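Read through the structure below, which is laid out as C-alpha cells, and then see the notes.
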Amino acid sequence: MNMTLAPLIFCHYGDSDYLLFVLKQARISNPKTRVVLLGDESNEGIAIEAGVEHRLFESYGNTPEIKIFNEVYQHVAGKNHGRKHWTNFVFKRWFYIYSFLKEQGVNEFWHFDSDNMILDDLNTHNYKFNSYECTEQCESFCMNGYVSGINVVKGYLNTVNLLFQDQKYITEQKENLIDHPTFAFTEMRAYTAYRDQESIKSIRLNTIIDGETFDDCICFKDGFTQYSCPINYRRLKKIYFNDEGIIYFKRVDSGQYIKVITLNLSWVPIEIFKSITNISSGKWNNSIKYVTNRDGLYELDLSNISQRNSHIVNLLKSILPEQVRNKLRKYQKVVKQTFKSA
C-alpha cells in the first residue's frame, strides 16, 4: 500500500446490505491505495472481510470543532421529514473525517457516499482536478469525490458551525420549509453556502474529461440513455460494458460511449450492486442477463429486476391498508427529494 497516494475514505453507520459490495469493489480497483471506512462496531467485520481499514468514527468525536457543533446544532426540517439521526450524521461525518485527516497527517483525499461503486484506480484521475479545491456530486449540492486539502474541510466545518449560530439564516431555513414539509436543512445546503461565501473553486465530478465520467447518480439522466423499465419508480442510466468489464454510459446527443469511473447506486436494489461486481470482476457471462448491441458492447438487462420490483410493489398494494401505503408513499417522496433538500 502506497501511503503517499491520496486515500479513499467512506464514513458510514450500520451494516447496510450493499456495504460489503462497495468496499470490496473499492479495494479491488484501488489495490495500492489506502481505503478507510470510518464506521461503527456493526460494520467492523464487513470492513475486515473486504480488506479495508476500519476506524470507529466515535473515536474522532472529541475535537473543539465537533464540540461546538454539538452545542449549536438543531434539527431544521419540514414537519414530514423526520430522519433526525440521519440528518445529524450527514453533518457530523465531515467532523469525523477532518479529525481523521488531522490525526493521520493526510492532506488530499477522495471521499464518496457509501453507496458509490469505485470502478477504477482513483489516483490515476487526480490530474483532472488539480486546479480545483474540490469536486461536487448531488447536482453540485454536495462536496464529494476529490478534495485537494484538509483546509477545505476545515473551512467547511467553520461555516457549518457559524450557520447554526446565525439566527437570521436558520429562521429563513425554517420559513422555507413550511412550504416544503418533506425537505430539511442538510450538509448540502451548508456546503453551497460555504462554496459561495468563500468562492471555493470547484467542478462537478460528472464533468466529462478525456472521455470519462464519475456518475452523479444512476437515477439522474444527465444526458445519457436510460432504461425504459423503471426500478423503484426511477429510470436508470443504461449500463454498457465490454469484455474487460469496463462500464460505459451512452450520450443521447452524440451516441458516444463514456467510460464510467464510479457509479452512484443510491436508491437501487442490491441485485444491481451484485451485477456491477460481477461485471467488473469479469464473472458476468453466466451470472447476469445482458444483450449484445450493434456497437459490439454488452447492455445489462434489468428487465427481471424491474418486473420483480413491480411485483413487490403490487403485492404491497394488495396486502397493505391504504393508510400504510400513504405513509410509504410519503417516505418514498422524502427519499426522492433528498438531493433537492439542499
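The values are calculated or read from the model by the stated rules, or taken from the named source; none is laboratory data. The model shown is predicted, which means the values in this text are computed figures rather than measured ones. Neighbour counts run over all protein chains shown; Cβ positions are idealised from the backbone, glycine included. We work out accessible area using only protein heavy atoms, side chains counted, and drop any ligands, DNA or RNA first. Shrake-Rupley method; radii C 1.70, N 1.55, O 1.52, S 1.80 Å.
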### Task
Tell me, yes or no, whether the stretch 253-265 has at least one residue that is out of contact with any Asp or Glu (no Cβ under 9 Å at 6 or more places or on another chain) and either on the phi > 0 side of the Ramachandran plot or part of a helix (DSSP H, G or I) (or both).
no
## Note on the structure
Requiring at least 1 residues that are on the phi > 0 side of the Ramachandran plot and within 19 Å of the chain's Cα centre (by Cα), the strands (runs of 3 or more DSSP E) wholly within the stretch 93-161 are 142-147
### Task
Return yes or no: is Leu5 surrounded by 15 or more Cβ atoms within 10 Å (Cβ to Cβ), part of a loop (DSSP other than H, G, I, E, B), in contact with a Lys or Arg (Cβ under 8 Å, 6 or more places away or on another chain) and not charged (D, E, K, R)?
yes
### Summary
Checked the stretch 49-60 for anything farther than 28 Å from Phe185 by Cβ, open to solvent by 30 Å² or more (accessible area, probe 1.4 Å) and part of a helix (DSSP H, G or I); matches are Glu49
### Task
Filter the stretch 8-30 down to residues that are among the β-branched types (Val, Ile, Thr) and closer than 23 Å to Pro269 by Cβ and give me whichever is surrounded by the most Cβ atoms within 10 Å (Cβ to Cβ).
Val22
### Query
Which condition number does Glu65 fail, the rest of (1) in a loop (DSSP other than H, G, I, E, B); (2) in contact with a Lys or Arg (Cβ under 9 Å, 6 or more places away or on another chain) being met?
(1)
### Task
Of the numbered conditions (1) open to solvent by 10 Å² or more (accessible area, probe 1.4 Å); (2) in a helix (DSSP H, G or I); (3) among the β-branched types (Val, Ile, Thr); (4) within 19 Å of Tyr146 (Cα to Cα), Ile46 fails exactly one; give the number of that condition.
(4)
### Message
Go through (1) outside any loop (DSSP other than H, G, I, E, B); (2) open to solvent by 10 Å² or more (accessible area, probe 1.4 Å); (3) over 21 Å from Asp121 (Cα atoms) for Tyr248 and report which single condition fails.
### Response
(3)
### Query
Which residues, counting only those in the stretch 22-43, are of a type in the set (D, E, K, R) and not in a helix (DSSP H, G or I)?
Lys32, Arg34, Asp40
### Task
Test each condition in (1) open to solvent by less than 30 Å² (accessible area, probe 1.4 Å); (2) in contact with a strand residue (DSSP E or B) (Cβ under 9 Å, 6 or more places away or on another chain); (3) at pLDDT 95 or above; (4) not aromatic (Phe, Trp, Tyr) for Leu157 and report the one that comes out false.
(2)
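For every residue, the table says whether it meets (1) surrounded by 17 or more Cβ atoms within 10 Å (Cβ to Cβ); (2) free of Cβ contacts under 8 Å to residues at least 12 places away in the same chain; (3) among the hydroxyl-bearing types (Ser, Thr, Tyr); (4) closer than 23 Å to Thr292 by Cα.
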site	(1), (2), (3), (4)
Ile178	no, no, no, no
Pro181	no, no, no, no
Glu198	no, no, no, no
Thr213	yes, no, yes, yes
Cys229	no, no, no, yes
Asn242	no, no, no, yes
Ser254	no, yes, yes, yes
Trp267	yes, no, no, no
### Task
Check Thr33, Thr63 and return the single one that is open to solvent by less than 10 Å² (accessible area, probe 1.4 Å) and hydroxyl-bearing (Ser, Thr, Tyr).
Thr33
### Query
Quick check, is Arg234 at pLDDT below 95 and either open to solvent by 20 Å² or more (accessible area, probe 1.4 Å) or under 21 Å from the mean Cα position of the chain (by Cα) (or both)?
yes
### Query
For the stretch 218-225, does any single residue satisfy the condition of being under 23 Å from Leu8 (Cα atoms) and either in contact (Cβ under 8 Å) with a residue 60 or more places away in the chain or open to solvent by less than 30 Å² (accessible area, probe 1.4 Å) (or both)?
yes
